[in-house]
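The values are calculated or read from the model by the stated rules, or taken from the named source; none is laboratory data. Just so it is clear, the model here is predicted, and its values are computed rather than measured. Neighbour counts are summed over all protein chains in view; Cβ atoms, including those assigned to glycine, are modelled from backbone coordinates with ideal geometry. All accessible areas refer to the heavy atoms of the entire protein, side chains included, with ligands and DNA or RNA removed. Shrake-Rupley method; radii C 1.70, N 1.55, O 1.52, S 1.80 Å.
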Amino acid sequence: MKVLVPVKRVIDYNVKARVKADQTGVDLANVKMSMNPFCEIAVEEAVRLKEKGVATEVVIVSIGPAQAQETIRTALAMGGDRGVLITSDADLEPLAVAKLLKAVVAEEQPGLVLMGKQAIDGDNNAVGQMLSALLDWPQATYASAIEINGSAAKVTREVDGGLQTLDVDLPAVITADLRLNEPRYASLPNIMKAKKKEIAQKTVADYGVDVAPRLTVVKVTEPPKRSAGIKVETAADLVSKLTTAGVL
């Protein structure tokens, strides 16, 4: 079974994002970029499936600027077999990304699309669901455990009330949650090997997909700074404050 893993290049999670002076977006100049953490988890799970003999090939795909090659190389160093880079200097909306991934799926014919539940930049949590709808494939989101049994997958997912277990027929789209696994660090030998692995270069035009934006960004601003809290002397004062605030 071939597993397709989409990955995204985002601002490193340790970096504080800065808004551009003209408030048109987030300033990416001279900012450390890395693979989206949820995408890392998806790559790790795909590699584990390959190590178990369930997957035969792990294909990494990314949509973004030329520098996204580095993100793909990281995934290849973790254990991916080859990559596909669809170059785009525009920050594509989730629907456009889902349409492009649908075209890649038609080309690659994977038995499973395994991806992060969301990217930490836009936090849209939409591409996996949209891709599933466009492909008319089953979906299982927020996966915290995955078991492949022949032509079906058993997925444990986290919901508000606890854990929910789903059985989905393959091919399917599964999105990874934080507790699915802990991604490995790529070893130096594997990093060197990844430099020789194939990355196919594509463009949005190659797939003939309409990626025109449907949304207009009016303004981007930083969230308001939180005001400092206060200390209370006694439990009675705390109860009084909470009562006044309407919490109790």
*Taking only segment 137-177 into account, find how many residues are within 25 Å of V105 (Cα to Cα) and touching a Phe, Trp or Tyr at 6+ places or on another chain (Cβ under 7 Å).*
7
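Which of the residues that make up segment 126-143 are open to solvent by 40 Å² or more (accessible area, probe 1.4 Å) and not hydroxyl-bearing (S, T, Y)?
First pass over segment 126-143, keeping only residues open to solvent by 40 Å² or more (accessible area, probe 1.4 Å): 129-130, 133-134, 136-139, 142.
Listed by number, the residues that qualify are Q129, M130, A133, L134, D136, W137, P138, Q139.
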*For segment 49-67, how many residues meet the condition of being under 19 Å from P94 (Cα atoms) and part of a loop (DSSP other than H, G, I, E, B)?*
1
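Here is a yes/no grid of residues against (1) within 22 Å of A90 (Cα to Cα); (2) surrounded by fewer than 23 Cβ atoms within 10 Å (Cβ to Cβ):
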position: A21; (1), (2): yes, yes
position: M35; (1), (2): yes, no
position: V47; (1), (2): no, yes
position: Q69; (1), (2): yes, yes
*Which of (1) touching a residue at least 40 places away in the same chain (Cβ under 8 Å); (2) within 29 Å of K16 (Cβ to Cβ); (3) surrounded by fewer than 11 Cβ atoms within 10 Å (Cβ to Cβ) does T216 not meet, given it meets every other one?*
(1)
*Would you mind stating whether A228 is of a type in the set (A, V, I, L, M, F, W, C) and assigned to a loop (DSSP other than H, G, I, E, B)?*
yes
_Members of segment 50-65 that are open to solvent by 10 Å² or more (accessible area, probe 1.4 Å), over 19 Å from A119 (Cα atoms) and of a type in the set (A, V, I, L, M, F, W, C)_ = V54
*asked:* With the structure loaded, tell me whether A42 is part of a loop (DSSP other than H, G, I, E, B), open to solvent by less than 30 Å² (accessible area, probe 1.4 Å), touching a residue at least 24 places away in the same chain (Cβ under 8 Å) and not β-branched (V, I, T) or whether it fails that test.
replied: no
_Being part of a loop (DSSP other than H, G, I, E, B) and more than 16 Å from the chain's Cα centre (by Cα) is the filter here; which residues of segment 81-115 pass it?_
D81, S88, D89, A90, Q109, P110, G111
*Say whether the condition of being touching a residue at least 12 places away in the same chain (Cβ under 8 Å), farther than 30 Å from E70 by Cα and within 25 Å of the chain's Cα centre (by Cα) is met by at least one residue in segment 195-212.*
no
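With the requirement that a residue be outside any strand (DSSP E or B) and surrounded by fewer than 19 Cβ atoms within 10 Å (Cβ to Cβ), what does segment 144-176 give you?
First, pick out the residues of segment 144-176 that are outside any strand (DSSP E or B): 150-151, 160-161, 170-171.
Across segment 144-176, the qualifying residues are G150, S151, D160, G161, L170.
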_Return the residues of segment 71-107 that are buried (at least 17 other Cβ atoms within 10 Å of the Cβ), of a type outside the set (A, V, I, L, M, F, W, C) and under 20 Å from E44 (Cα atoms); say none if nothing qualifies._
T71, R73, T74, G79, G80, D81, G83
